[in-house]
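Colleague: Handing you this structure, nothing more for now.
The values are calculated or read from the model by the stated rules, or taken from the named source; none is laboratory data. It should be emphasised that the depicted structure is a prediction, and the values quoted were computed from it without experimental measurement. Cβ coordinates were reconstructed from backbone atoms using ideal geometry, including for glycine residues, and neighbour counts include every protein chain displayed. Surface accessibility is based on the protein's heavy atoms, side chains included, excluding ligands, DNA and RNA. Shrake-Rupley method; radii C 1.70, N 1.55, O 1.52, S 1.80 Å.
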Amino acid sequence: MTNEIWVQVRDVLRQEVGQSNYRNWIEPLEFAQLDGGVATFLVPTSFIGNWVERNFGDRILHHLHSAGAHVSRLVFSVSRITAAPDPKPGAAPAPAPKPAEAAKEDLPGAPLDPRYTFDSFVVGKPNQLAHAAARRVAEGGPVTFNPLFLYGGVGLGKTHLMHAIAHEMQTRDPSLKVLYLSAEQFMYRFVQALREKQMMDFKHLFRSVDVLMVDDVQFIAGKDSTQEEFFHTFNALVDQNKQIIISGDRAPGEMKDVEDRIKSRLQSGLVVDLHPTDYELRLGILQTKAARYREQYPDLLIAEGVLEFLAHRISTNVRVLEGALMRLFAFASLVGYEITLEKAQDALSDILRASDRKVTVEEIQRKVAEHFNIRMSDMIGPKRQRSIARPRQVAMYLSKALTTRSLPDIGRRFGGRDHTTVMHGVRRIEALKASDTQLAEDLEMLRRALEE
Ligand code: ADP
Ligand code: MG
């Protein structure tokens, strides 16, 4: 491999990862040598080397292969002597950038994932508020809510939205200094600055950005000096009217081991949450992502109903959903035939089992009672008139369908009824739902509500 190949691959990467990622992470790499399948690159700091390896390693390797280079491994080294191990953190600090060069490229942020854009973000009821707020902030203009605080459970799109904001802001104004990092990285940088007695540089760096984004802020819980520093950074930026965007796993007021003054600071702008996904959003995400796979692999076939099934059965975490879909497509490309519902269940049995929400018979009884406006005591009581018996049968049917309880077991939970009574109820509903569209709709709605 020659340097020419690298120059060529760099251009491909520039297209693929976007300008700011390219400038931060790819451009600083200097091709040193290829020896026995090991391509060595010189990097300015081991931090950059680690990031590139973790986040772009596969891509670089892939493109080097495509360009005809026989490379099986990448090494990122801060020194020219490639056999030497990387310096221990702190043992051989990288030369500090000269102030004149301490421009945007030196911001100690994390790389942005080029796939996390507003375009690829599917909007639904559970996330529309967060999405709208993110859009507004990304448009720039006068800073109206500061900070924007996004919170929600794992895999609901917080990081995706933050990266989307950063991409959008960079596109609108390439000179803007947007710094995105996790609270963990903030702490790491802070501790490193303390150790290397470079607090002035640290403060200067963090106070000189135009936009600061800190992901997963809950990480600073219980870490007092980091909180202190975070608080000061925060205040300094707000004073300069610089936009701050923070994410967390819960509302500021509910964070434990975080100082009150920080909580109230975090609450002082706009606080929006990402709700757990619902069926419609999950289906929308699956359809969008499946369409993208199909562009790449036009001959892969996924049977009708499979995506609906996944949207029903897989948890609210979008990451899990994506993993399932990716596996289905990988599976389809391996076996080369249409993925039917049955094959999908087979291929995903572990994921399906893990995300099986355990619905209890009692929850079902409550939901059904509420839905048909009858009392819980009637659900398990002796009354036999139809307005009560029918909802009871619906609850029995759903108990059979959504739990692993046996018929006698279900009967016991319906006021000690016999298993034949339960069986009769289940069959009755099965028969009715074929002709009674209202009932079929009720069942569908209840099932959804219970599975969420
Ligand atoms: P969080 O930071 O809240 O844990 P992420 O932003 O990392 O979640 O999202 C997890 C995965 O799900 C990512 O791959 C992301 O692209 C995807 N994702 C989440 N929400 C959406 C959405 N509304 N549309 C498209 N993809 C989404
Ligand atoms: Mg995240």
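Colleague: Could you check segment 426-441 and list, in sequence order, the residues that are under 42 Å from the mean Cα position of the chain (by Cα) and closer than 11 Å to R390 by Cβ?
Modeller: Within segment 426-441, I429, L432, D436, L439 qualify.
Colleague: Could you tell me how many of the residues in segment 187-234 are open to solvent by less than 30 Å² (accessible area, probe 1.4 Å), away from ligand 2 (no atom under 16 Å from the Cβ), of a type outside the set (F, W, Y) and in a helix (DSSP H, G or I)?
Modeller: The number of residues fulfilling the criteria is 5.
Residues checked against (1) more than 23 Å from R54 (Cα to Cα); (2) outside any helix (DSSP H, G or I); (3) polar (S, T, N, Q); (4) touching a Phe, Trp or Tyr at 6+ places or on another chain (Cβ under 6 Å):
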site: Y116; (1), (2), (3), (4): no, yes, no, no
site: F121; (1), (2), (3), (4): yes, yes, no, no
site: A132; (1), (2), (3), (4): yes, no, no, no
site: E184; (1), (2), (3), (4): no, no, no, yes
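Colleague: Conditions: (1) without any contact (Cβ under 8 Å) to a residue 60 or more places away in the chain; (2) more than 14 Å from ligand 2 (Cβ to nearest atom). N146 meets all but one. Number of the miss?
Modeller: Checking N146 against (1) without any contact (Cβ under 8 Å) to a residue 60 or more places away in the chain; (2) more than 14 Å from ligand 2 (Cβ to nearest atom), the one that fails is (1).
Colleague: Further, regarding this structure: Provide a single number: the residues in segment 387-435 that are among the charged types (D, E, K, R) and open to solvent by less than 60 Å² (accessible area, probe 1.4 Å).
Modeller: Residues of segment 387-435 that are among the charged types (D, E, K, R), as a first pass: 390, 392, 400, 405, 409, 412-413, 417-418, 427-428, 430, 433.
Checking which are open to solvent by less than 60 Å² (accessible area, probe 1.4 Å) leaves us with 390, 392, 409, 417.
So the answer is 4.
Colleague: Report, by residue number, each residue of segment 120-176 that is of a type in the set (V, I, T), closer than 18 Å to E280 by Cβ and open to solvent by 60 Å² or more (accessible area, probe 1.4 Å). Before the answer, list the steps.
Modeller: Of the residues in segment 120-176, the ones of a type in the set (V, I, T) are 122-123, 137, 143-144, 154, 159, 165, 171.
With the extra rule that they be closer than 18 Å to E280 by Cβ, the set shrinks to 122-123.
Listed by number, the list holds a single entry, V123.
Colleague: If N146 satisfies every condition in (1) within 16 Å of ligand 1 (Cβ to nearest atom); (2) touching a Ser or Thr at 6+ places or on another chain (Cβ under 8 Å) but one, which is the exception?
Modeller: N146 satisfies all of (1) within 16 Å of ligand 1 (Cβ to nearest atom); (2) touching a Ser or Thr at 6+ places or on another chain (Cβ under 8 Å) except (1).
Colleague: Would you check if G323 is under 21 Å from the mean Cα position of the chain (by Cα) and either of a type outside the set (S, T, N, Q) or within 16 Å of ligand 1 (Cβ to nearest atom) (or both)?
Modeller: Details: under 21 Å from the mean Cα position of the chain (by Cα): yes; either of a type outside the set (S, T, N, Q) or within 16 Å of ligand 1 (Cβ to nearest atom) (or both): yes.
Yes.
Colleague: Looking at R282, R292, R375, R327, can you tell me which residue is under 20 Å from V154 (Cβ atoms) and open to solvent by 30 Å² or more (accessible area, probe 1.4 Å)?
Modeller: Working: R282 fails: open to solvent by 30 Å² or more (accessible area, probe 1.4 Å); R292 fails: under 20 Å from V154 (Cβ atoms); R375 fails: under 20 Å from V154 (Cβ atoms).
Every option except R327 fails the conditions.
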